[in-house]
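What follows is a set of notes on a single structure, which appears directly below.
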Amino acid sequence: MAELEQQRIEYEAQGFLCLEGALEPEELAQARLAFDRAEKERTLDDLPNQDSIFIRLAEQKTIFPIVHRIIGDVVQLSTLSATTFGPDDAGDGWCKDLAGMLGVDHSRSTMQVDVVIYLDDVSASGSCVSAVPGSHRFRADAAPQEMTQIEEMPHQVLLRAPAGSAIVYHGNIWKARTRNDSAGPVRVLVYSYNHCWMRQDFPELSSIALDSIRPSHNLSQLFGIGPDVKVAAGYWDRSIEGYPSSTGLPERRFSELKVVGKAVTPNKLRSKT
């Protein structure tokens, strides 16, 4: 518990957490095989229906307790995606994933947590995520100056990681991804978590996928599966079980509904690269 609390504090201070060796060797091997099969069949956009390993990793024993402590008992999975960054992939410029979400004080809220799981080693020159520590708590008007190169961002940190590692980061942090100058591809899984009253974006779940999810209360909540229908409709009050209760980190803060979207300027999605 002391280690989990220390990780929670570290995450809150810098907006990200690097977990080396998060996946067990068996999990990594299964994920690689399932990923390669889905990529060959061109079904990387349909992961929950491709292999149960992608479903089970949503509650992975090293990663999920941290996500749960950050978001709270009402945590759910919002999206699940997979990508291969091939050699010479150009990377991505600086952005905040939640830049377009209005009506929320993101500097004092935790609306989304993203988990990037690396299936291959990631070096500084190999499609590496870079982040600005503490930028998840920057005010909306504290945007960096326009840049032409990723390397121009002040105070950035390259988040190198060996295969089987995971990076947990706040949806409001300034982040970028470097060019892949390594010799081989980099395969990644991305699990995005939000709150059970927010939207989810999954393909229609097959009966096989539902059979893998339904026996588990927590997986049912994470994938938005109700007890009697395929997908729970609207707000529901189920909570994650088997973990110390958490209200999230920190308390969520919102603008009044009547002023949402009025006199609000969205953050810049990304600088020029």
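Every number in this text was worked out from the coordinates using simple rules, so none of it is lab data. Just so it is clear, the structure is predicted and the values come from calculations on it, not from any experiment. Cβ atoms come from the backbone with ideal geometry, glycine included; neighbour counts cover every protein chain shown.
For this structure, a couple of remarks:
- Loop GluC sites (Glu not before Pro), segment 24-55, which have at most 16 other Cβ atoms in a 10 Å radius of their Cβ (DSSP): Glu41
- This model, with +1 at the C-beta of Lys and Arg and -1 at the C-beta of Asp and Glu, gives segment 2-259 a dipole about its Cα centre of some 520 debye.
- Inter-part distance, segment 85-111 to segment 37-53, computed on C-alpha centroids, equals 25 Å.
- Counting every pair of alpha carbons in segment 2-259, the share spaced more than 29 Å apart comes to 30 percent.
- A straight chain from Val157 to Arg199 at 0.36 nm per residue would run longer than the Cα-Cα distance by 12.0 nm.
- Likely footprinting exposure, Phe202, Phe35, fewest C-beta neighbours within 10 Å first: Phe202, Phe35
- Counted residue by residue at 0.36 nm each, then reduced by the alpha carbon distance between them, the extension gain from Asp211 to Ala90 reaches 39.6 nm.
- Three-way shape label, segment 52-128, alpha-carbon gyration tensor, a/c 1.5: oblate
- Cut-off 13 Å between beta-carbons: net charge of the residues surrounding Ile9, Lys and Arg +1, Asp and Glu -1: -2
- Among 188-194, 9-15, 85-91, the peptide with the highest mean count of other Cβ atoms within 10 Å heads the list, and the full ranking is 188-194, 9-15, 85-91.
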